[in-house]
Amino acid sequence: MRERRKTTKPTMAGSLLLAHPILKDPNFRRTVVLMSSHGTDGAMGVVLNRPLGKKLGDLNGEFALGPLAAVPLYLGGPVETKQLLLAAWQARDDGFQLHFGIEPEKAAVLLTEPSTHIRAFLGYSGWTGGQLETELKQNTWIVAEIPPDLLEHPQDDGLWRGVLGGIGDEWKLLADEPEDTSRN
């Protein structure tokens, strides 16, 4: 019998990490992480489905009256939660282009362009060199391609359910499982 080998992309930048349904860590339970960088030194991304229910203008006076005041604010991860990261998605015919870690001035310019979405994140998700690979071997994460309709999904737990359920029937069953299985 031939051994099946799991192959991984050389880099997961530009992919989504979906928390495996069995992951109980409150920092990552049912999260969708957009990977911005991945290499031998480590990996970094932001959690897409932890909205804070606030806008960038609520943070401080610097943004309150500016063009980015209405940009939604998310908890990007458990690392450096006081650090603000801006990201922009621009819809293209062949998918979308991601601008990550941009300066407020550039975000304001991008916001004026058609089919552009801007998000603000407090903190990020980070892994040291080899840490993410170890977690992947332990089936903590599911690597997924970014669906073209990513921004059309609800940006809360519904995003995790929608993306995970879109991978296949088995994953759909797990994604639809209630949070508290004792009430099933």
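Of all residues in region 120-172, which are closer than 30 Å to ALA64 by Cβ and polar (S, T, N, Q)?
Matches in region 120-172: SER125, GLN155.
Does ALA87 satisfy being more than 19 Å from LEU17 (Cβ to Cβ) and either among the hydrophobic types (A, V, I, L, M, F, W, C) or in contact with a Ser or Thr (Cβ under 6 Å, 6 or more places away or on another chain) (or both)? Don't jump to the end; show me each part of the working.
Numbers: more than 19 Å from LEU17 (Cβ to Cβ): no; either among the hydrophobic types (A, V, I, L, M, F, W, C) or in contact with a Ser or Thr (Cβ under 6 Å, 6 or more places away or on another chain) (or both): yes.
Spelling it out, it is not the case that ALA87 is more than 19 Å from LEU17 (Cβ to Cβ) and either among the hydrophobic types (A, V, I, L, M, F, W, C) or in contact with a Ser or Thr (Cβ under 6 Å, 6 or more places away or on another chain) (or both).
Matching residues to (1) in contact (Cβ under 8 Å) with a residue 60 or more places away in the chain; (2) within 15 Å of MET35 (Cα to Cα); (3) among the acidic types (Asp, Glu):
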| site | (1), (2), (3) |
| --- | --- |
| PHE96 | no, yes, no |
| ILE102 | no, no, no |
| HIS117 | no, no, no |
| GLN131 | yes, yes, no |
| LEU136 | yes, yes, no |
| ILE142 | yes, yes, no |
| PRO148 | no, no, no |
| LEU164 | yes, no, no |
| LEU174 | yes, no, no |
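Does ILE142 satisfy the condition of being over 14 Å from the mean Cα position of the chain (by Cα), surrounded by 16 or more Cβ atoms within 10 Å (Cβ to Cβ), closer than 20 Å to ALA19 by Cα and of a type in the set (A, V, I, L, M)? First the steps, then the outcome.
Working: over 14 Å from the mean Cα position of the chain (by Cα): no; surrounded by 16 or more Cβ atoms within 10 Å (Cβ to Cβ): yes; closer than 20 Å to ALA19 by Cα: yes; of a type in the set (A, V, I, L, M): yes.
No.
Yes or no: ASP94 out of contact with any helix residue (DSSP H, G or I) (no Cβ under 8 Å at 6 or more places or on another chain), surrounded by fewer than 17 Cβ atoms within 10 Å (Cβ to Cβ) and over 17 Å from VAL46 (Cβ atoms)? It would help to see each step written out before you state the result.
Numbers: out of contact with any helix residue (DSSP H, G or I) (no Cβ under 8 Å at 6 or more places or on another chain): yes; surrounded by fewer than 17 Cβ atoms within 10 Å (Cβ to Cβ): yes; over 17 Å from VAL46 (Cβ atoms): yes.
When the stated conditions are applied, ASP94 passes them.
If you check MET44, MET35, which single one turns out to be within 30 Å of LEU173 (Cα to Cα), surrounded by 15 or more Cβ atoms within 10 Å (Cβ to Cβ), in contact (Cβ under 8 Å) with a residue 12 or more places away in the chain and touching a His at 6+ places or on another chain (Cβ under 9 Å)?
After applying the criteria, what remains is MET44.
Scan THR112, THR116, THR134, THR128 and give me the residue that is more than 22 Å from ASP41 (Cα to Cα), of a type in the set (Ser, Thr, Tyr) and loosely packed, with under 13 Cβ neighbours inside 10 Å.
On the way: THR116 fails: loosely packed, with under 13 Cβ neighbours inside 10 Å; THR134 fails: more than 22 Å from ASP41 (Cα to Cα); THR128 fails: more than 22 Å from ASP41 (Cα to Cα).
After applying the criteria, what remains is THR112.
Could you list all residues from region 21-48 that are in contact with a Phe, Trp or Tyr (Cβ under 6 Å, 6 or more places away or on another chain) and closer than 19 Å to GLU177 by Cα?
ARG30, VAL32, listed by residue number.
Readers should treat all values here as calculations from the given coordinates under stated rules, not as data from a laboratory. The model shown is predicted, which means the values in this text are computed figures rather than measured ones. Note that each Cβ is placed from the backbone with ideal geometry, even for glycine, and that neighbours are counted across all protein chains shown.
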